[in-house]
Number of protein chains: 2
Amino acid sequence: MNVPRHKLAPHCAECPIRHKAVCARCEADELKRLEEIKYYRSFEAGQTIIWSGDKMDFVGSVVSGVATLTQTMEDGRTQMVGLLLPSDFVGRPGRNGAPYDVVATTDIVMCCFRKTPFETMMNETPHIAHRLLEMTLDELDAAREWMLVLGRKTAREKIASLLCIIGRRHASLTPDGPSGSMVFDLPLTREAMADYLGLTLETVSRQMSALRKDGIIELKGKRHVIVPDLGRLMDVAGDDSDGGFYG
Amino acid sequence: MNVPRHKLAPHCAECPIRHKAVCARCEADELKRLEEIKYYRSFEAGQTIIWSGDKMDFVGSVVSGVATLTQTMEDGRTQMVGLLLPSDFVGRPGRNGAPYDVVATTDIVMCCFRKTPFETMMNETPHIAHRLLEMTLDELDAAREWMLVLGRKTAREKIASLLCIIGRRHASLTPDGPSGSMVFDLPLTREAMADYLGLTLETVSRQMSALRKDGIIELKGKRHVIVPDLGRLMDVAGDDSDGGFYG
DNA sequence: CGGGCAGTTGACGTGCGTCAATTAGCGTGG
DNA sequence: CCACGCTAATTGACGCACGTCAACTGCCCG
């Protein structure tokens with residue numbers, strides 16, 4: 001399951017996440033330094049990338065694939081607290097322990113840096129530190145938006161909100177014909193969706209069926225989703241009009 | 001309602017939040033530059049400091065008092081997404097619109113900077129940028145911990161979790177005898193607690209009464225809380241043992 | 001054909017929301 | 001000092017959305 005290194009963007013300049021990841025603002029010479037300390041790691045769907053509580057000796061970016069960030073209580077209740085898509089950053093410079101489980105939900109490739117050299121480089125490279133701050137603030141906004149979903153929305157609204165978010169991020173990665181419709185594959189099982197939404201998998205399943213019956217979505221197979229009218233989905237989600245505005 | 005300026009730490013070196021706020025890492029010369037662009041603003045309990053959607057032309061730190069960060073849906077449902085205590089930072093360098101309402105829940109004093117000069121200074125002062133990154137990462141962790149509370153905990157556990165958090169932060173601001181007990185005043189109404197926890201105010205009230213009957217907490221008046229045995233409260237909160245560990 | 005896992009659907013129970021009445025706390029004015 | 005009004009908080013009765021438990025279906029891979 002190791003992807004041969006030479007296939008994976010030997011030069012950062014050709015990397016698919018070059019302009020969105022933590023390195024987005026770097027100049028050519030800075031990229032060169034990063035190239036010297038980076039290495040790729042691959043994981044299969046289902047593998048745990050990082051265990052909560054373990055020492056974390058690396059940080060990195062998702063290059064391709066999807067991973068989730070989850071917290072678990074002693075009695076087994078779990079809550080997903082983040083969805084990691086390509087260009088998202090994993091790990092926290094300046095802290096050793098990993099606070100959450102990171103699990104690959106599809107096959108995934110990560111661009112990693114050992115923590116200490118990365119921290120050193122961050123201290124000497126404002127472009128990296130600034131980009132990381134910017135990304136962290138975006139994640140904080142996303143987490144807070146999610147708090148509204150978890151705390152105040154109904155099951156139906158929660159499902160619609162999740163579909164909106166996944167669809168929106170999918171669209172931003174594959175810029176195609178916009179218009180009012182949307183098509184994508186769910187990278188999550190019903191159980192993972194439930195963990196994200198603070199629901200049970202049965203409720204997720206029922207609400208997906210309900211949305212299908214109401215014509216808000218269509219399903220081909222279990223995972224392939226078609227949204228004929230994005231506006232209607234957003235209405236169901238209860239999002240105020242500015243949905244997706246990121247200044 | 002204006003606090004006379006000369007009463008409020010003319011020199012940053014004497015500021016009560018000097019070592020915890022965004023300026024914590026600054027050297028003497030950097031503090032001096034900050035002093036030149038800072039100004040104080042005071043707000044009464046109940047006043048809205050920033051309206052969601054408004055242009056934000058300043059950023060700043062809470063010096064004393066408590067404020068809340070809330071999101072509201074069109075139909076009026078609201079969710080609190082942050083609790084701002086002394087030393088917490090408000091505003092986002094690099095973005096113009098304010099995403100949330102910021103409301104003072106007690107009388108409050110803030111140390112403010114106009115956004116543009118602050119951004120300029122941040123770009124030239126790694127100490128500020130690094131501290132801001134560190135604080136933002138802490139807030140992100142707190143938001144994610146809160147997602148677990150909102151998504152998976154029962155009403156009883158939610159109340160206990162909130163009391164733990166407020167008590168813990170209170171203790172960190174007023175270092176007194178530790179041991180297993182704790183005493184503090186709630187800075188929130190029952191309704192504000194409900195908005196934080198994704199509950200109704202009636203459920204909050206009922207669960208507070210239940211915790212009192214079970215001897216987990218004692219109440220003097222409506223707001224003064226005594227926790228005789230912190231361990232028992234944390235058990236009720238369902239926190240895993242590492243509660244409060246911040247590496 | 002069979003075993004296993006993801007997903008769907010149904011029947012039933014319950015935790016919390018909703019609606020409403022009552023009480024407690026506190027400043028204000030006669 | 002008490003009456004008054006206002007708001008915060010408590011408590012009760014009832015209903016519903018979602019959880020729980022369980023049976024069943026479809027699909028993949030051997």
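Using the structure shown, list the pairs from A:K20/A:K220; A:K153/A:K220; A:K20/B:K115; A:K153/B:K153 with a Cα-Cα distance above 22 Å, or answer none. Mind dumping the intermediate values first?
Numbers: A:K20/A:K220 31 Å; A:K153/A:K220 27 Å; A:K20/B:K115 25 Å; A:K153/B:K153 16 Å.
Pairs exceeding 22 Å: A:K20/A:K220; A:K153/A:K220; A:K20/B:K115.
On a 0 to 90 degree scale, rounded to 10, what angle separates helix A:126-152 from the longest Cα axis of chain A?
Result, in degrees: 20.
So who's got an amide H within less than 5 Å of the one on A:V81, skipping anything under 5 residues away but keeping other chains? H placed 1.01 Å off N, in plane.
Sorted by chain and number, the residues that satisfy this are A:L69, A:T70, A:Q71.
Would you mind counting up the charge near B:Q47? Only other residues with Cβ under 15 Å from its Cβ, with Lys and Arg at +1 and Asp and Glu at -1. Intermediate results must be reported in sequence, preceding the final value.
Values: positive: B:R41; negative: B:E44, B:D54, B:D101, B:D107.
Residues close to B:Q47 contribute a combined charge of -3.
Hey, what do the phi angles of segment B:71-87 turn into as Karplus ³J(HN,Hα) couplings, whole Hz, using 6.51/-1.76/1.60 and θ = phi - 60°, x for Gly and Pro?
Per-residue couplings from phi come out as 10, 10, 8, 4, 7, x, 4, 10, 9, 6, 10, x, 10, 9, 10, x, 5 Hz.
Counting heavy atoms of the protein chains only and a 1.4 Å probe, report the per residue accessible area for chain B as a whole number of Å². Could you put the intermediate results ahead of the total?
Values: 11390 Å² over 247 residues.
Each residue of chain B exposes 46 Å² on average to a 1.4 Å probe.
From the Cα gyration tensor of the protein assembly as shown, with a ≥ b ≥ c the square roots of its eigenvalues, which class applies: rounded if a/c is under 1.5, or else prolate if a/b is larger than b/c, or else oblate? Numbers along the way, then the final one.
Values: a/c = 1.56, a/b = 1.15, b/c = 1.35.
Here the protein assembly as shown falls in the oblate category.
Report, by chain and number, residues whose modeled amide H sits under 5 Å from the one on A:T106, excluding near sequence neighbours (fewer than 5 apart, same chain).
HN-HN under 5 Å from A:T106: A:G46, A:V66.
Calculate one ³J(HN,Hα) per residue across segment A:165-171 by plugging θ = phi - 60° into the Karplus curve 6.51 cos²θ - 1.76 cosθ + 1.60, and present them in order as whole Hz with x for glycine and proline.
5, 5, x, 5, 5, 4, 5
In nm, give the distance between the simple-model label positions of A:D75 and A:I37, each being 7 Å from the Cα along the Cα-to-Cβ direction.
4.4
Positive end of the dipole of segment A:153-237, charges at C-beta (+1 Lys, Arg; -1 Asp, Glu), about the Cα centre: which of A:G215, A:S205, A:L233 has its Cα farthest in that direction?
The residue sitting farthest along the positive end of the dipole is A:S205.
When Lys and Arg each count +1 and Asp and Glu each count -1, what net charge do the other residues less than 12 Å away from B:I166, Cβ to Cβ, add up to? Kindly include the intermediate steps, with their values, before the conclusion.
Values: positive: B:R168, B:R169, B:R223; negative: B:D185.
Around B:I166, the surrounding residues sum to +2.
Tell me the angle of helix B:28-37 to the major Cα principal axis of chain B, expressed in degrees between 0 and 90 and rounded to the nearest ten.
It works out to around 90 degrees.
Label position 7 Å from Cα toward Cβ: report the copy-to-copy distances for A:E119 in nm, one decimal, ordered from shortest.
3.1
Would you mind giving the total buried accessible surface between chains A and B, with a 1.4 Å probe and ligands, DNA and RNA left out, rounded to the nearest 100 Å²? Before the final figure, lay out the partial values.
Values: alone 13590 and 13590 Å², together 22780 Å².
Summing both sides, the interface buries roughly 4400 Å².
Assume the label is 7 Å from Cα along Cα to beta carbon: what separations in nm does B:P228 have to the matching positions in the other copies?
B:P228 label point versus its equivalents elsewhere: 6.4 nm.
Once every DSSP H run of n ≥ 4 in the protein assembly as shown is given -39500 (n - 2.57) and the sum is divided by its residues, what mean residue ellipticity at 222 nm do you get, rounded to the nearest 500 deg cm²/dmol? Present the calculation step by step, with values, prior to reporting the outcome.
Details: 14 runs with 190 residues, N = 494.
Here the helix-only value at 222 nm equals -12500 deg cm²/dmol.
I'd like the FRET efficiency for B:A13 and B:V183, computed as 1/(1 + (r/R0)^6) with the beta carbon distance as r and R0 of 30 Å, rounded to 0.05.
Working: r = 31 Å, r/R0 = 1.05.
After rounding, the FRET efficiency stands at 0.45.
Using the Karplus curve 6.51 cos²θ - 1.76 cosθ + 1.60 with θ = phi - 60°, what ³J(HN,Hα) values do you get for each residue of segment B:182-199, in whole Hz, with x for Gly and Pro?
Coupling constants for segment B:182-199: 7, 9, 6, 9, 5, x, 10, 6, 4, 5, 5, 4, 4, 5, 6, 9, x, 10 Hz.
Based on alpha-carbon centroids, what's the gap between segment A:146-214 and segment B:37-101 in Å, whole number please?
The two parts, judged by their Cα centres, are 30 Å apart.
Distances from B:R41 to the same residue in each other copy, label points 7 Å out along Cα→Cβ, in nm, shortest first?
Copy-to-copy label distances for B:R41: 4.4 nm.
Whats the longest run of chain B with zero chymotrypsin sites (Phe, Trp or Tyr not before Pro) that are DSSP loop and have at most 12 other Cβ atoms within 10 Å? Show your work: numbers first, answer last.
Details: sites that count: B:F245, B:Y246.
Formally, the longest exposed-site-free interval is B:1-244.
Would you grab the residues whose amide H sits under 5 Å from the one on B:F58? Only those 5+ places off in sequence or on another chain, please, with H modelled 1.01 Å from N.
When sequence neighbours closer than 5 places are left aside, the close amide H contacts are B:K115.
Got a number for carbon plus sulfur as a percent of the protein assembly as shown's accessible area, 1.4 Å probe?
Values: 11710 of 22780 Å².
The computed percentage sits at 51.
If you filter segment A:10-95 for GluC sites (Glu not before Pro), then keep DSSP loop positions with at most 13 other Cβ within 10 Å, what is left? Please report the intermediate quantities before stating the final value.
Working: sites: A:E14, A:E27, A:E30, A:E35, A:E36, A:E44, A:E74; in loops: A:E27, A:E44, A:E74.
Listed in order of number, the matching sites are A:E27, A:E44, A:E74.
The values are calculated or read from the model by the stated rules, or taken from the named source; none is laboratory data. Please read these numbers as outputs of a predicted model, since none were measured by experiment. With ideal geometry, Cβ positions are generated from the backbone for all residues, glycine too; neighbour counts draw on all protein chains shown. In case anyone asks, the SASA skips ligands and DNA or RNA and just uses the protein heavy atoms, side chains included. Shrake-Rupley method; radii C 1.70, N 1.55, O 1.52, S 1.80 Å.
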